[in-house]
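Novice: Submitted below is the structure of interest, expressed as C-alpha cells.
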Amino acid sequence: MRVRSVVAGIGAAGDDREQLALAARERARPVHDRQVQPHRRIEHARRQAHQPHDLVDAAGARDGRRVTVGERSTRFGRIDRADPGHGRRDPSVLYSKSAFEIGCSEECWQGAVTTRIRCDTRRNGNAASAPRAPSSNADFGYRTLGYCPVRTLLLLLALLVPCPRPYAQDETLDFQRAAALRSKADYASAAAAFDAWLERYPQSARVPEVLVQCGITHLEAARARQMLNRNPPDALEHASRALAQLQRVLSGFEHSPHAARAQYVISNVHLSLGDLHAALDAAEQGLGKYGKDAKYAPKALLRRAELRHHLLEPELALADYRRWKAENPRPATDSEAGKVELSLEYLPRLGRLAPPLEVVAVQGAPPRLEELRSKVVALLFFDVECQSCPKELPFLRELERRYGARGLVFIALANRMKGAPAAAVAEYAKKHALSWPVALDAGQTFRAYAAELSPNLVLVDRNGFARWHEHPSQLADWTVERLLEEPAVRAETGPAK
C-alpha cells in the first residue's frame, strides 16, 4: 500500500505545479518559521483544530485578501503578532499553514473536524488564484516524500530488502533445548532433538556444527547403554547413527572448521565398537587431512598412540607419545599431560620379561609367573581404599567367564605402600567375592611394573612377557583374543609376532 501511494503521488504531481511552487516557497522560509514536520502534522491538526481563534483579517495586507477557515480559524491561520509584518504575509503562506499543509483533505482526520477552506477575495475577487487543496491522499503522499528524493529511495529500498529468516530465533532455541538435554546426561533425548533440528533447518549455516554435536551425543548414548564394556543392540544403533552424521560432515563440509573434530570423533566411535583397525585408520586420516589443526591434530596423535598400544605395538606407540610431548610443551589439559607421562613410564617395560612377583599371599597359593607359562595372566593392581576399583570387578569377571576356558587367569595384587595390612586385604577380597589368588605387595612389585596408581591391569603373554598395561576399562576384546591366539614359544625368542 505504501508503494502504491508513493507511485500515485508521483503521478498526481505532474498536474499540480502550483503545489510544487508552494513547496519551494515553504523550503525557502527561515528554519524557525517553517511548518511542523510531516509526521507530526496530523496529530497537531487534531489538537489545534478545536482551539478557536480570531479570524484572520488581512484587510490591510498588500492584496487585501482574507483567509477564513470554516467557522473557526486554526493557530496556523492567526496573525502572528511576533511577525514583523503583522499580518502582511503572503496569503499563500497563510494558506500553506492551513489544513492543506498539515496533510488533511477537505475532510479532516477521521471526520473529527470538518474544515472547509474558503478564500474570499473581497477587493479584486481573484478567487481562482488561490491554491487548491489536495483532492486525494496521493497528493499528500507526494508532498510528504517529494521534499527529499533520498528519503523516497531509502523507503523503496527498505521495502525491497528481504526480511531476516523468520525461523532464526526458533533455530537457536531448538539448539539450546537439545544442548540442555545433553547437559543433563539425557543423551538419547538430546540425540533425538539434534536429529529433529537437522530435519527442520537443513539450510542453516550451523548444519556442520550440529552434525558433529549430534554424532557426539549419539556416541555418548551408545556408551551409556554399554553393559560390561560390550554393546547391546540399542548401543550399536546409536553408534551407527553417530557414524552416519559424522560422515555427512566429511562428505559435504570437508573444509568446515568442524571437519577435524568430526574425523577425530569417528575414530572414537570405532574404538567404542571395538574395531581397533578402523579407529586407527580414522586417526591417521585425521593427521593427514587436518594435521595443522591446532586442537584436534594433537588429539588425533594421542588417539593413534593409544590404538597402537591396544594393537600390541608398544614401540610405535612410544614414538607417538614422545612426538606429542615434543610438539606440545604446553598441553591443553592436565589430563592429557598426565596420560602421556604415565605412558612414557610403563611403555618401555612392555615387550620384556615380566618382573617376578615379590608378594605375600593373602588368598590362595603364592603366585609365581614361571608356573603360569602357557597362560595369559592378567595382573590386577588395586588398593583397598580405591573408590573406583570395585567398579571394574564385574567387567573383569565377565572377561574371566568368556576367556577363562581359553587360558586367561587373574591375580589380584594389593598395594602395601598405602599401609593396608594383610587382614584388610583379606576382608576386601571377601567383601567383593574375589575368587582369584590375592596377594599383598612386599614392597617392590608395584614399582617394578610402574603401577603405583590404582586400578591398573597388566597382561602377560604365554611366554612371560608383559604386553599390555592400562586402566582395566580400556581393555579391548581384540587385545585379549590376540594374546590367546599367540602360541607359546621359548622365552629367549621374545614375544610371538
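Novice: Output the residues belonging to the stretch 361-396 that are in a helix (DSSP H, G or I) and touching a Ser or Thr at 6+ places or on another chain (Cβ under 8 Å).
Specialist: Passing the criteria: C389, E392, F395.
Novice: Something else about it: How many residues are farther than 19 Å from E341 by Cβ and at pLDDT below 95 when one looks only at the stretch 443-462?
Specialist: The total comes to 3.
Novice: Kindly indicate whether any position in the stretch 393-410 is within 16 Å of A439 (Cα to Cα) and assigned by TED's automatic domain parsing to the domain that holds N456.
Specialist: Yes; the residues of the stretch 393-410 include at least one that is within 16 Å of A439 (Cα to Cα) and assigned by TED's automatic domain parsing to the domain that holds N456.
Novice: Regarding E315, is this residue surrounded by fewer than 23 Cβ atoms within 10 Å (Cβ to Cβ), at pLDDT 95 or above and closer than 17 Å to S343 by Cβ?
Specialist: In short, yes.
Novice: Check every one of the helices (runs of 4 or more DSSP H) wholly within the stretch 238-333 and list those with 2 or more residues that are charged (D, E, K, R) and either assigned by TED's automatic domain parsing to the domain that holds Q203 or closer than 30 Å to L198 by Cβ (or both).
Specialist: Per the criteria, 276-289, 296-310, 314-327.
Novice: How about the stretch 346-371: which of its residues are touching a residue at least 40 places away in the same chain (Cβ under 8 Å) and more than 21 Å from R416 (Cα to Cα)?
Specialist: Answer for the stretch 346-371, where residues must be touching a residue at least 40 places away in the same chain (Cβ under 8 Å) and more than 21 Å from R416 (Cα to Cα): L347, R349, L350, G351, R352, L353, E370.
The values are calculated or read from the model by the stated rules, or taken from the named source; none is laboratory data. Quick caveat, the model's predicted, so the values are computed rather than measured. Backbone-built Cβ (ideal geometry, glycine too); neighbour counts: all protein chains shown.
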